[in-house]
Each structure stands twice: as structure tokens, then as C-alpha cells.
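Below: one structure, written as C-alpha cells.
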Amino acid sequence: ETGVTQSPTHLIKTRGQQVTLRCSSQSGHNTVSWYQQALGQGPQFIFQYYREEENGRGNFPPRFSGLQFPNYSSELNVNALELDDSALYLCASSWDRDQPQHFGDGTRLSIL
Amino acid sequence: EDQVTQSPEALRLQEGESSSLNCSYTVSGLRGLFWYRQDPGKGPEFLFTLYSAGEEKEKERLKATLTKKESFLHITAPKPEDSATYLCAVQHTGKLIFGQGTTLQVKP
């Protein structure tokens, strides 16, 4: 059984640029959630997608957007990058909305 | 406001020295409390889900318990390989609300 995979593993961008992060869900999972984890902190919920529809959003500005595809893989897009966006971005999938979420190893995003 | 607080922030133990990690929460309509383990440079690894007060789950040297206001992760006779950050989260309308974690170091 393949777990959650994320790409790329590391990324360096400059302020004002745009970035797309990708996530492949665990086989059989129809729900994907994205989290931002700053150093030394717990993950913060960005949003969740269930069967290609947004199913809840955390306290993040609209420049954070996402997509879920028919094969349940997902993208996180961030526009107009700011220095504070530097963090580990985690994707998690589950076989339904309230079931245990299983995480990938994240994308480390650094903004210069 | 939904909130999760973990204590202590850091814990150092000698190998074999048992202890407990605490997770206090306030949430309306708890849909589950989750424990994860996170190693440096990795994503959180799912350990346990607890749904109702009085429930207990065990896995190797770890045992998780739940009351109406808090959860404990008991570590019995820890080994150096148990060193990691342990995260607690509550589920509310699909999203997980995490605490800041407890970083455990077990010395041989």
C-alpha cells in the first residue's frame, strides 16, 4: 500500500513569487487536507478537500488555494509569497472526512 | 475558541524511566482525539484515535487515555528509539487542531 507522497521535498522561492505543491493521496482515500507547520509548532489547518470539493478552510488568506483531482491527488497553490510563508507544508489523506488522517513527509518551503 | 495545549514542551528521560505526556483540550463537539509521533524532517505518524471518555489504546510501550478535558500518553520503560515529538490533535468538522507538541528525548 503506497502512502501519502509529496513533491517537491524542498523549494526555495523569493518574495512575490507563486508556488505549487503536489500531493498523492494514499490508495482508497477520498479526502485530502493541507497543513502549514512552522518550526517548533504544531501543524495549522489550511483547508480540506472531499471528492474534489472544498470542505472547510482555516484562517489563511485567499492567496492560499487548492485543487483536488478525480484521482484524489491534490495541489496547494500560494500566490504573492511572503517571508512568513516559510514553513513545512504537510498533506494528509483519509478514507473519509472524519477518519484518521495520514501524513506525507511534507515540502519544506523557504522564502528569501 | 477550540484549543489544544500540551505539556511539558520538552521531556528528558533515562532509558527505562516511565512518564506521561499531557494534552488538555477545549472543543465544542469532539469528533476524536488523535496522537501522532513526528521525527525530525518527517511528517506526523498516526499512533492512536480516542473517541470517548474512559477509552484507552495501547501500542508497544505507549498507552493513550482520554477524559472529558484531557488525554495522557503514558510511556512505559522508554527506549532511545522513542525519542521524537509527540503531537496531540482534536478533530472538529473535519479539521485537526494540533497542540504545539512535546519533544521527548530518551537517553541510553
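The values are calculated or read from the model by the stated rules, or taken from the named source; none is laboratory data. From a predicted model like this one, the values you see are computed outputs, not experimental measurements. Methodologically, a virtual Cβ is constructed for each residue, glycine included, from the backbone with ideal geometry; neighbour enumeration extends over all protein chains shown. Remember, those area values only see protein heavy atoms, side chains included, never the ligands or the DNA or RNA. Shrake-Rupley method; radii C 1.70, N 1.55, O 1.52, S 1.80 Å.
Annotations for the structure displayed:
- Number of positions in region A:5-38 that are over 14 Å from residue A:108 (Cβ atoms), open to solvent by 20 Å² or more (accessible area, probe 1.4 Å) and touching a Gly at 6+ places or on another chain (Cβ under 7 Å): 2
- Exactly one residue among B:62, B:104, B:73 is touching a residue at least 60 places away in the same chain (Cβ under 8 Å), away from chain A (no Cβ under 14 Å), surrounded by 14 or more Cβ atoms within 10 Å (Cβ to Cβ) and in contact with a Lys or Arg (Cβ under 9 Å, 6 or more places away or on another chain), and that residue is B:104.
- Selection within region A:55-97 - of a type in the set (Lys, Arg), within 24 Å of residue B:49 (Cα to Cα) and free of Cβ contacts under 8 Å to residues at least 24 places away in the same chain: A:57
- Options B:54, B:43; residue that is at the interface with chain A (Cβ under 10 Å from one of its Cβ atoms) and more than 14 Å from the chain's Cα centre (by Cα): B:43
- Residue among A:57, A:22 that is under 25 Å from residue B:39 (Cβ atoms) and under 13 Å from the mean Cα position of the chain (by Cα): A:22
- Listed by position, the strands (runs of 3 or more DSSP E) inside region A:39-87 whose residues that are open to solvent by less than 50 Å² (accessible area, probe 1.4 Å) number at least 3 are A:44-50, A:64-68, A:74-78.
- Within region B:14-27, the set of residues being assigned to a strand (DSSP E or B) and surrounded by fewer than 17 Cβ atoms within 10 Å (Cβ to Cβ) comprises B:14, B:19, B:20, B:22, B:24, B:26.
- Set side by side, the residues B:5, B:85 differ, and just one is polar (S, T, N, Q), assigned to a strand (DSSP E or B), within 14 Å of another protein chain (Cβ to nearest Cβ) and over 10 Å from the mean Cα position of the chain (by Cα), which is B:5.
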